[in-house]
Amino acid sequence: MLLAERHIIKKGHRFWREIDPLCWQSKNLYNSANYLIRQNWIYGHGYLTYCQLAGISVILQEESYTSASNFLNLDPLPVYGQITEKPVFSGKRIKRGLYCTDKGVLVQSDVIGSYNILRKAFPNAFNRYGIERCVVHPRRINLSK
């Protein structure tokens, strides 16, 4: 909580009678909320998230080198810390949001990164017996027409 102002109001102040019960209620509400959150964490095994309520399964995926690796050439996707030498990729990131492949094709780097994260989570996603659907389907749009 950010403290914008601080006022010290003594018992003889004209607003004391209105502010004193509000301060007690605020402190009790804060303590009650902390107590409930702590008890739910200890006995309820953590917070309920929206995904748990909606029945959506979440996969936590390690994302190292996903924006540096070229998805179009299926460059290897090493895991940071598990390799000793620096990996070499066929393309490179020019600037934030722009990736240049080895053939000079410019691609938005978030598209490359999202496909590589999908490749890391499901290694067989883009072969013959891959997954049924993919969330990202990039399309080329020409805005000059």
Review point. How many residues are under 14 Å from D75 (Cβ atoms) and of a type in the set (K, R) if we restrict to segment 86-115?
Key: 4
Study note, to complete from the structure: Of (1) of a type outside the set (F, W, Y); (2) closer than 30 Å to I112 by Cα; (3) modelled with pLDDT under 85, N70 satisfies every one except (3)
Point to revise | Looking only at segment 81-111, and only at residues there that are among the β-branched types (V, I, T) and surrounded by fewer than 12 Cβ atoms within 10 Å (Cβ to Cβ), the one that is farthest from Y65 (Cα to Cα) | key: V105
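The values are calculated or read from the model by the stated rules, or taken from the named source; none is laboratory data. Keep in mind it's a predicted model, so treat the numbers as computed, not measured. Using ideal geometry, Cβ is built from the backbone for each residue, glycine included, and neighbour counts are taken over all protein chains shown.
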